[in-house]
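Written out below as structure tokens is the structure these notes cover.
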Amino acid sequence: MQSVLKLDAKQNTKKLSKKDFLTLGSFTSNEIMIMLEEAIEIKSMQKSGKAHPYLQGKVLGMIFDKSSTRTRVSFEVGMLQLGGNAIFLSSKDIQIGRGETIQDTAKVLSRYVDGLMIRTFAHDSIEEFAEHSTVPVINGLTDTHHPAQVMADLLTILEHKGRLKGLKMCYLGDGNNNMCHSLLEGAVKVGMDISIACPAGYEPDNSILESVKGEAKLTGSKVECSSDPKAMILGADVVVTDVWTSMGQEDEKADRLKAFSPYQVNEELCKLADKDYIFLHCLPAHRGEEVTASIIDGPHSVVFDEAENRLHAQKAILKLLLER
């Protein structure tokens, strides 16, 4: 793994303009770089055995409407390593699951904890929660956005490629999902080109795509979306995919398997990418569906570095939001 100690970012101060971490599109390019630099520093400290209790005495409440492995463990461990604590709150075990309003829940929990991480379905729900919360709210995943994961992805790319600006990322599969949306927002913020290969009817949300294209004009990024996977992956430095059937879409599985089969990440398709491409997947993966075992378990795959970097990227987010 290539070590990157400093980013080329013009920083005046390590602060974020937003109280909450809901989408990458809400942050400036410089703020994305600030978060990445903080993640690199925190990761270096941990690897060298140095204590970093920036959040001593702080408590993070974690509300889960959707089950999770990486999100729960990485946020909980991250808070502990930063000197704080985390409380797991299943929606089935708190009053919001019995009809208490989001507004009331947000106001009450804000008086108990220093921050809230929420993993839920509708993005409107987390926005409403943040509106009524007086403490920072962090998006652990919604149906529309997955910004914490993409911060880990950008960190992983930076470590392995030594830069972000000017690289080409190709995402293949369901364009209208949370990973694709946040990858679009994150890539253009750091000056990466991004191409989306997806079948007709599964394109990214148009409002997000148009917003990203507007941002790309400022950063010099190129944004493409096509149903031709070969054209989109050509020369890609980074190849990314996600599961074809997400939670809540199980009834569509047969149709999705048929629609997405030409977009499987396999050795034949990846021959068109750059010879030194890296492969990313947020996990869990379905080998034999969206990606073959030879790719995800092969020499180009960095999926476990990527999974580890959830911890470091999220610690940076937690520090920047909760330390203030």
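Coordinate-derived values only; no laboratory data. The structure presented is a predicted model; accordingly, all values stated were derived computationally and were not measured. We place every Cβ from the backbone using ideal geometry, glycine too, and count neighbours over all the protein chains shown.
In deg cm²/dmol, rounded to 500, what helix-only [θ] at 222 nm does the chain give when every DSSP H run of at least 4 residues adds -39500 (n - 2.57) and the total is split over its residues?
-12000 deg cm²/dmol
What is the order of THR134, THR23, fewest Cβ neighbours within 10 Å to most?
THR134, THR23
Going by how many other Cβ atoms sit within 10 Å of their own, how do PHE129, PHE279, PHE121, PHE304 line up, fewest first?
PHE304, PHE121, PHE279, PHE129
Given a Förster distance of 45 Å, report the FRET efficiency between VAL73 and LYS258 from their Cβ-Cβ distance, rounded to the nearest 0.05.
Step by step, r from the Cβ atoms, then E = 0.85.
Can you give the log10 of the normalised intensity I(q)/I(0) at q = 0.08, 0.17 Å⁻¹, computed with Debye over equal Cα scatterers of segment 169-324?
Those come out to -0.23, -1.02, one per q.
Quick one: which residues, 5 or more positions from ILE138 or on another chain, have an amide H under 5 Å from its amide H? H modelled 1.01 Å from N in the peptide plane, none for Pro or chain starts.
Amide H to amide H, under 5 Å and 5 or more residues apart or across chains, ILE138 pairs with PHE21, LEU116, MET117, ILE118.
How do 242-255, 168-181 rank on mean C-beta neighbours within 10 Å, highest first?
Descending packing order for the listed peptides: 168-181, 242-255.
Given the pairs LYS15/LYS66; LYS19/LYS58; LYS14/LYS165; LYS14/LYS319; LYS58/LYS315; LYS168/LYS315, which are separated by over 19 angstrom at their Cα positions?
Table pairs above 19 Å Cα-Cα are LYS15/LYS66; LYS14/LYS165; LYS168/LYS315.
Please give the net charge around TYR202, taking every other residue with its beta carbon less than 10 angstrom from that of TYR202, where Lys and Arg add +1 and Asp and Glu add -1.
Every neighbour counted, the sum reads -1.
Per-residue counts of other Cβ atoms within 10 Å, averaged by peptide: what ranking do you get for 35-44, 213-222, highest first?
35-44, 213-222
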